[in-house]
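As structure tokens, the structure follows; a few thoughts come after it.
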Amino acid sequence: PQGTAGATFAQVGWTNPGSAMPVPVERTVWRASGSVLTPASPVTLTWDNGQGLIFKRRVSLDANYMFTIKDTVDNKTGAAVTLYPYALIAREGEPKHEANWILHEGLIGVLGDILQDETYSDMRDREEKELKFESTGGWLGITDKYWMATIVPPQKEQFSARFSIGKPHGTEIFRADYLMGARTIQAGASASVTHNLYAGAKVVSLIESYQEQLGIVRFDMTIDWGWFSFLTYWMFVGLDWFNKLVGNFGVAIILLTIVIKILFFPLANRSYESMTKMKKVQPQMKEIQERFKEDRMKQQQELMALYKREHINPMMGCLPILIQIPVFFSLYKVLFVTIEMRHAPFFGWIQDLAAADPTSLFNLFGLLPYTVPSFLLVGVWPLLMGITMWIQTKMNPPATDPVQQQMMTLMPPVFTYLMASFPAGLVIYWTVNNVLSMAQQYLIMRRMNVPIDIGQNFKMPAWASKLLGRQSQKPPAPGE
């Protein structure tokens, strides 16, 4: 409630600046037509200001907490009266939240057909403590990760909107409000205005249905789809469709991964063919490096000539990674911001695809009876991802530079540790994608008659042997 720590509240009503005519305020006591408000039973409030104005407010709501508030004023004063309708959402203090760069939390609205958003810190740091907008249609309010409180004026009327921050009673208050144009009510006449207030979850299908049914301008932008919104939204649509088909978001992620792999199959094919050709000419590359090891310029020229002769593009090997970046980020965004993914289970120990794998290598996945610190949570799925990534690097042609070789060797364990804290759904996607990539690369290598000497590639590098206190054994010289 208003006045308590972390309170978030809405208010609608009428204002009459410069007039002594009483209007309802936040502590006004109304007469109610009923004591319980439900989707099946709206409530009408009535208040007489004692000077000829009778205010009526009909409050109704649906099962998902979209309120419809119809304010009516009957003028029995014997003279014309001018009033201005308004509505506001206010929050006392900044709530505890993740403050994550990937997600917007704070003041938000579509005003003048443009998304306007200000974080709590943005508002606090502004020299001017309020932002003003003019708009016809739109909405504004305060958003959290999964929920929001949003006021929606009549969509065909112009209004003045504002984001502000202040400390009227010593407590910091963030506020989003709008003021509509004047309503001049003639003697014996009445005037009405209808506001909508949504205080609920940001369920994609629900938000889209309100946008269509109530004609709310760009109400879908209440969900933060991010920089790759054109991709993120359709990735969610695909996941949601597969989930309705199979009844499991984890399986939906795997099926979507397969679809993405099929879509990018031709590009990935060209990349793996180029990498396979490089693996095929490895003996020639080593011979050139040995022959011109004292002349790096000549070495590069000969290598470029070899690539041209064999129709090899060394940069094509980066293509699968470049393709994955926007897809990976978009899936991360979907898992992070959509409430549909919240607490969505997979199988076994994965009971929340939006959270990290809860198991850990450092207590043998729960066999040892102690709790592992969060920074040591390296679960089963991150390990599977790391293993598939390691096998994949061994299938690729080794880098010619020793430093690059060491970096490629370190990448799987480093990524395993980093990805351990990411949502399990994202790790599942990456693991399945790695397996499909390995299968595709294997088939191409077989088709091009390139030996798949994975076992040979699994030899421990010299630097790793030294790290473990073991010296790599050199092969005996002839005659020894």
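The values are calculated or read from the model by the stated rules, or taken from the named source; none is laboratory data. All figures in this text were calculated on a predicted structure; none of them were measured in a lab. In this analysis, Cβ positions are derived from the backbone assuming ideal geometry, glycine residues included, and neighbour counts consider all displayed protein chains. Just so you know, the surface numbers come from the protein's heavy atoms only, side chains and all, with ligands and any DNA or RNA stripped out. Shrake-Rupley method; radii C 1.70, N 1.55, O 1.52, S 1.80 Å.
Answer with yes or no whether K70 is surrounded by fewer than 20 Cβ atoms within 10 Å (Cβ to Cβ), among the basic types (K, R) and modelled with pLDDT under 95. Judged against the criteria, K70 is not a match.
Restricting the search to helices (runs of 4 or more DSSP H) fully inside segment 204-304 and requiring at least 2 residues that are open to solvent by 20 Å² or more (accessible area, probe 1.4 Å) and β-branched (V, I, T) gives 229-246, 249-263.
Is there a residue in segment 345-364 that is more than 20 Å from V435 (Cα to Cα), among the polar types (S, T, N, Q), at pLDDT 80 or above and crowded, with 18+ Cβ neighbours inside 10 Å? Scanning segment 345-364 turns up at least one residue that is more than 20 Å from V435 (Cα to Cα), among the polar types (S, T, N, Q), at pLDDT 80 or above and crowded, with 18+ Cβ neighbours inside 10 Å.
Only strands (runs of 3 or more DSSP E) whose full extent lies in segment 114-198 are considered here, and the ones with at least 2 residues that are in contact with a strand residue (DSSP E or B) (Cβ under 7 Å, 6 or more places away or on another chain) and open to solvent by 20 Å² or more (accessible area, probe 1.4 Å) are 114-119, 130-136, 158-166, 173-180, 183-185. Just checking, which of Y442, Y429 is hydroxyl-bearing (S, T, Y) and modelled with pLDDT of 90 or more? Step by step, each of Y442, Y429 is checked, and only Y429 is hydroxyl-bearing (S, T, Y) and modelled with pLDDT of 90 or more. Based on what the data block shows, is Y370 in contact (Cβ under 8 Å) with a residue 60 or more places away in the chain, surrounded by fewer than 20 Cβ atoms within 10 Å (Cβ to Cβ) and hydroxyl-bearing (S, T, Y)? Judged against the criteria, Y370 is not a match.
Note on segment 352-401: residues that are in contact with a helix residue (DSSP H, G or I) (Cβ under 7 Å, 6 or more places away or on another chain), farther than 17 Å from I428 by Cβ and either in a loop (DSSP other than H, G, I, E, B) or not hydrophobic (A, V, I, L, M, F, W, C) (or both) total 10. For segment 382-404, indicate whether the set of residues that are buried (at least 18 other Cβ atoms within 10 Å of the Cβ), closer than 25 Å to G238 by Cα and in contact with an Asp or Glu (Cβ under 7 Å, 6 or more places away or on another chain) is non-empty. Looking through segment 382-404, at least one residue is buried (at least 18 other Cβ atoms within 10 Å of the Cβ), closer than 25 Å to G238 by Cα and in contact with an Asp or Glu (Cβ under 7 Å, 6 or more places away or on another chain).
Mind checking which pairs have a first residue in segment 1-18 that is exposed (fewer than 15 other Cβ atoms within 10 Å of the Cβ) and a second that is modelled with pLDDT of 90 or more and of a type in the set (D, E), Cβ under 9 Å, 6 or more apart or different chains? Short answer, once both residue conditions are applied: Q2/E92; G3/E92; T4/E92; A5/E92; G6/E92; A7/E92.
Quick grid of which residues meet (1) closer than 30 Å to G6 by Cβ; (2) crowded, with 17+ Cβ neighbours inside 10 Å:
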position: A63; (1), (2): yes, no
position: M66; (1), (2): yes, yes
position: L83; (1), (2): no, yes
position: A87; (1), (2): yes, yes
position: W101; (1), (2): yes, no
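Considering (1) modelled with pLDDT under 95; (2) under 13 Å from R175 (Cα atoms); (3) crowded, with 19+ Cβ neighbours inside 10 Å, the lone condition that I108 does not fulfil carries the number (1).
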